[in-house]
Amino acid sequence: MNTNQEQLERVANLLKQAGAVIETIDLSPRTSPAEVFLRTLAVNLDNVYLSDADFRQFVRNSLPGAVFPEDRQVVLTNQGEAYRLNGLWFKWHRTVGSKVAIKDQASITTWAHVEGLPRA
């Protein structure tokens, strides 16, 4: 075999391996805690084994985790990366380690967990 043929076969083999790796990557969108909560809520609406009081308690216990991330969990918001602590939203301000409360707390209208973001 000549050198060009060997290089072509090597490239073809690498492309085949890369394709196999790409096929293993899960690119499906992740569900948010709110979406999981709504699905669970819908399934349990007509649960005959759950009394009305138990259902209300289930909603009461589940809602905080669906509405807001847990304290100090960094999430991506419509205002950039931020985290909640004791009911307030915070973000980083210019220098490393400098954190400030977001002035307009109501300006945070959406948030999503992003894998790899640290805890504050």
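Data table
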{"read-out": "Cα-based Kirkwood hydrodynamic radius, the chain, one decimal, Å", "value": "18.7"}
{"read-out": "Within the chain, longest stretch free of exposed GluC sites (Glu not before Pro) [DSSP loop, at most 14 other beta carbons within 10 Å]", "value": "1-69"}
{"read-out": "Probe 1.4 Å, accessible area per residue of the chain, Å²", "value": "78"}
{"read-out": "Full-extension gain in nm, VAL100 to PHE55, via 0.36 nm per residue minus C-alpha separation", "value": "12.3 nm"}
{"read-out": "Hits among lysines - C-alpha to C-alpha of LYS91 under 29 Å, sequence gap 8 or more where chains match", "value": "LYS99, LYS103"}
{"read-out": "Accessible area of the chain belonging to carbon and sulfur atoms, whole % at 1.4 Å probe", "value": "57"}
{"read-out": "For ILE102, distant residues with modelled amide H under 5 Å away", "value": "TRP89, PHE90, LYS91"}
{"read-out": "Label-point separation in nm, ASN4 to ARG39, each point 7 Å along Cα→Cβ", "value": "5.4"}
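The values are calculated or read from the model by the stated rules, or taken from the named source; none is laboratory data. Treat the numbers as computed from the prediction; the structure is a model and nothing was measured. Cβ coordinates were reconstructed from backbone atoms using ideal geometry, including for glycine residues, and neighbour counts include every protein chain displayed. Heads up: the accessible areas ignore ligands, DNA and RNA and are worked out on the full protein's heavy atoms, side chains in. Shrake-Rupley method; radii C 1.70, N 1.55, O 1.52, S 1.80 Å.
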